[in-house]
1. Using amide H atoms built 1.01 Å from N in the peptide plane, name the residues 5+ places from Val242, or on other chains, whose amide H lies under 5 Å from its own.
2. Just for the Cα atoms in region 79-213, what are the lengths along the principal axes, largest first, rounded to whole Å?
3. Computed over the Cα atoms of region 198-351, what is the convex hull's projected area averaged over all directions, in nm²?
4. With all pairs of different alpha carbon atoms counted, what Kirkwood hydrodynamic radius in Å does region 160-217 show?
5. Output the Cα-based Rg and Dmax of region 169-289 in Å, rounding Rg to one decimal and Dmax to a whole number.
6. When you count, for each residue, the other Cβ atoms within 10 Å and take the mean per peptide, how do 130-136, 344-350, 187-193, 112-118 rank with the highest first?
7. Using the Karplus equation 6.51 cos²θ - 1.76 cosθ + 1.60 (θ = phi - 60°), what ³J(HN,Hα) coupling, rounded to whole Hz, does each residue of region 156-167 give in order, writing x for Gly and Pro?
8. Label 7 Å along Cα→Cβ of Leu30; region 44-69 residues with amide nitrogen under 20 Å?
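Nothing in this text is a laboratory measurement; each read-out follows from the coordinates by a stated rule. Owing to the predicted nature of the structure, the values given are computational and were not obtained by experimental measurement. For neighbour counting, all protein chains shown are included, and Cβ atoms are generated from backbone atoms with ideal geometry for every residue, glycine included.
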Amino acid sequence: MLSGINHYARSHRPWDAFLDDEARAESDPLWLQQRRWKGVISRHTTPELVQACAELRLPLVDLNDEPPFAGVPKIRPDNAAIGHLGGEHFLERGYRNYGFTGFRNNGWSCERRDGFVEAVQLAGHAVDVFDTDYPNHNDPAWDLAQTRQLAKWLRQLPKPACVMACNDLRALQVIHAAQTVNLLVPEEVAVLGANNDEARCDLAYPPLSSVCTNAFLSGYLAAETLAALMDGAESPALDRRVDPTGVITRRSSDILAIEDPGVAAAIGYIREHACSGINVEDVLRHSTLSRSQLEKRFRSFLGRSPQAEIRRLQVMRIKQLLTETDFPLKKIAELTGFEHVEYMCVVFKRITELSPGAFRDRRQSNRPSQRATG
């Protein structure tokens, strides 16, 4: 959101902006009186802030995802569309057993739940909903209690199951709950969050898939609206919803619905160890299937062999390292299970039709420039 606000200011007019990191203005009306402001954009808008801005005749734009305040323009995510995207994400993967979990005392969570349920029901499936109250704080005791309740709920879901959570915090609780009762993620329970909090998603194990809200556009529209108000425009009766940009797929849901436990276990082992230099013989040692059975069932469920699945995951990791790091090819080969860098290059080019160097050059040339901000 801050990036969107900054982009508007840079492309239209320079703003002398103050970032209230401690959120003092939300609870202390006197805080706003310490300087002569021209306008306010608020992420966590409170009645106290609305009243203070009204008394000081300060234009206010609200980015909080709660019901609007009278006379205050609001810009927030289209939560029903977020839920729809989540449902479509799992429908494309062939699931039959659907779950949603969120917080029944938060309107945005209920909207996401209803969008997910609608998308799944339109495809002829039912959704098992597990909602609890959010206490407006996240402490270890509450988190542990939620994990226990979620674990009990997950155990009774038919497998393989897919679960969308109202946000990434809730999705991490789902992953932890599944692991406490020895359910494989995503092989037995695929998990999807929302908001795409990248740090939180990448810290999860396995990394968390998430619906990406368009926070940049929300910030841009908020700045655009505030600029109009500061120029004397009438305050619009605005409750604008911003569409999500899509699903960022990571390992927690990057799988097809597979009801064969032997194949699911083999896929789980491959996903865990593909970049450790394993081969099909290693997979067989951790499977109850013969080689011919494993090959046949992989082709039936995935449309490719176990060896091809190992290579696919290795190449995905190579692409990530080429894009996100400046590691030399020798280091990337070590991190993806190749003893010889030359062989890694041969495999990569055979699958992608590009050498690793050409792939890296292409990705880096497409990156947006990173300009320093003051």
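1. HN-HN under 5 Å from Val242: Arg76, Asp78.
2. Principal extents (largest minus smallest coordinate, Cα): 38, 31, 25 Å.
3. So the Cα hull casts an average projection of 13.5 nm².
4. For region 160-217, inverting the mean 1/r across all distinct Cα pairs yields 11.3 Å.
5. 21.2, 73
6. In descending order of packing, they fall as 187-193, 112-118, 344-350, 130-136.
7. Going residue by residue, I get 8, 6, x, 10, x, 10, 10, 10, 9, 9, 5, 7 Hz, with x marking Gly and Pro.
8. 46-57
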